[in-house]
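Take a look at the structure set out below.
The values are calculated or read from the model by the stated rules, or taken from the named source; none is laboratory data. Given the structure is predicted, the values throughout are model-derived calculations rather than measurements. No Cβ is skipped: glycine too gets one built from the backbone with ideal geometry, and neighbour counts run over all protein chains shown.
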Amino acid sequence: MPEYEIEQQVEKYWERFERQLSDEEQQELDHLLRNEGEHFVDPTKEHPVKAVEIARWLDPTPLLDLFKKMYRCFDTVKDRLCPRIRFLAYFSLSKRKNLWQAYHALTTEEFQMLGFAGPPTYELLREFVYERITVYRFPWMMDEVNRELRIQLKKHGILLGEKVFEDATDGRSLKHDKEAKYSGYYKESGYKLDVTIDAKHEIPLEYHPLEITADEGKNLLPSQEHLASLGIQEKERIVDDKYATYENIAHSEQRKVSLYYKIPKNWVYNKNL
C-alpha cells in the first residue's frame, strides 16, 4: 500500500474513533496526549532536564513487593506508594541537601506530576523515607533497582557493570553530630561515601558509608563481591592508589578483573612479597 494511502487510512480511523467519544472522554484524551508530548528526550549538560521531569516518568511497580514487609496493611496502601517512590527518586536526583529542602522545592503542579492528588504533608514523606525505608533498607532497595535496570538494559544489548569506577568522597557532618570524626586531611568533621559506578553509563551500582578517617581501600573486595551477587560480570575497575594494595590487586586478578590505577612516585617495591 502506498504511503499516502496509509496516512489516509490512519486519519479515517482517528475520525471514526473520535466521533464515538463523549465530550468528557475527548477532554481526557486531549489531556493524555498533551502530557505525553511533554516527555523529555535525551537530557544532556547542554540541555538539562529538571529532576522532577525525570522522576515523573518512572514506573515504580516492579519495586512494590519490597514494601510488603514495611506495611502491615500493604494492600490498602499499595496504590498510594508509587507517588512516594517517585518523590524519593526526585530527592535522590535533585541533589537537595535534605528531605525538607526537597519537599519545599516542589510546587503543587510538580507534586501532581509525581502522581499525588495534591501536595502531601511533609510528615507523610518523612515517615516513608526515614521510618519505612530507613538507611538500612535503602541499599537493599538500590539493589532491586539495579537488578531491574540490568534486565531492561540487556534487552537493548547493553551490559551493566563491565567497566566500573570506585572512589570515596567526603561530606561535612552537622555541627551537633557527636559521632563524626575530624580528618586532618580533609580539614573537617564528617564521613566518607565509597561509591562504585558504571564507568560507561555513570550509573551508581554500590555504595558504602565510612568514617572520614577510614581506609576506603578495604571496601574494594566487598564491592566486587556485592556486584557479583547482583549478577554483574565485572571486567575492569578504575581506582586511585589508595585501593591498589597487594591484596586488592591479587584478589582482582583471581576474579579476572583488571585493576587500573596510577602508580605513585613514592611507592616502594617490596621484594619479599
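Inside the stretch 124-141, can you point out the residues that are within 19 Å of LEU205 (Cα to Cα) and not β-branched (Val, Ile, Thr)? Scanning the stretch 124-141 gives TYR136, ARG137, PHE138, PRO139, TRP140, MET141. For the stretch 250-258, the count of residues that are surrounded by fewer than 17 Cβ atoms within 10 Å (Cβ to Cβ), over 22 Å from the mean Cα position of the chain (by Cα), under 30 Å from LYS45 (Cα atoms) and in contact (Cβ under 8 Å) with a residue 24 or more places away in the chain is zero.
Of everything in the stretch 207-237 that is among the acidic types (Asp, Glu) and out of contact with any strand residue (DSSP E or B) (no Cβ under 7 Å at 6 or more places or on another chain), the residue that is nearest to ALA168 (Cα to Cα) is ASP215. Total residues in the stretch 177-194 satisfying the condition of being under 15 Å from ASP215 (Cα atoms) and among the charged types (D, E, K, R): the figure is 3. For the stretch 104-123, a residue qualifies if it is part of a helix (DSSP H, G or I) and either farther than 17 Å from LEU81 by Cβ or in contact (Cβ under 8 Å) with a residue 40 or more places away in the chain (or both), and the qualifying residues are HIS104, ALA105, THR108, GLU109, GLU110, MET113, TYR122.
In the set (1) under 25 Å from SER92 (Cα atoms); (2) buried (at least 17 other Cβ atoms within 10 Å of the Cβ); (3) of a type in the set (Asp, Glu), the condition left unmet by GLU202 is number (2). What are the residues in the stretch 172-187 that are touching a residue at least 24 places away in the same chain (Cβ under 8 Å), in contact with a Gly (Cβ under 9 Å, 6 or more places away or on another chain) and of a type outside the set (S, T, N, Q), if any? Passing the criteria: ALA180, LYS181, TYR182.
Inspect all residues belonging to the stretch 139-147 and state whether any of them is surrounded by fewer than 15 Cβ atoms within 10 Å (Cβ to Cβ), touching a strand residue (DSSP E or B) at 6+ places or on another chain (Cβ under 8 Å) and not assigned by TED's automatic domain parsing to the domain that holds PRO222. Looking for residues that are surrounded by fewer than 15 Cβ atoms within 10 Å (Cβ to Cβ), touching a strand residue (DSSP E or B) at 6+ places or on another chain (Cβ under 8 Å) and not assigned by TED's automatic domain parsing to the domain that holds PRO222, one finds at least one in the stretch 139-147, hence yes. Here LYS192, LYS218 are screened, and the one residue that is closer than 25 Å to ARG137 by Cα, in a helix (DSSP H, G or I) and without any contact (Cβ under 8 Å) to a residue 60 or more places away in the chain is LYS218.
The set of residues from the stretch 238-273 being touching a strand residue (DSSP E or B) at 6+ places or on another chain (Cβ under 8 Å), assigned to a helix (DSSP H, G or I) and acidic (Asp, Glu) comprises just one member, GLU253.
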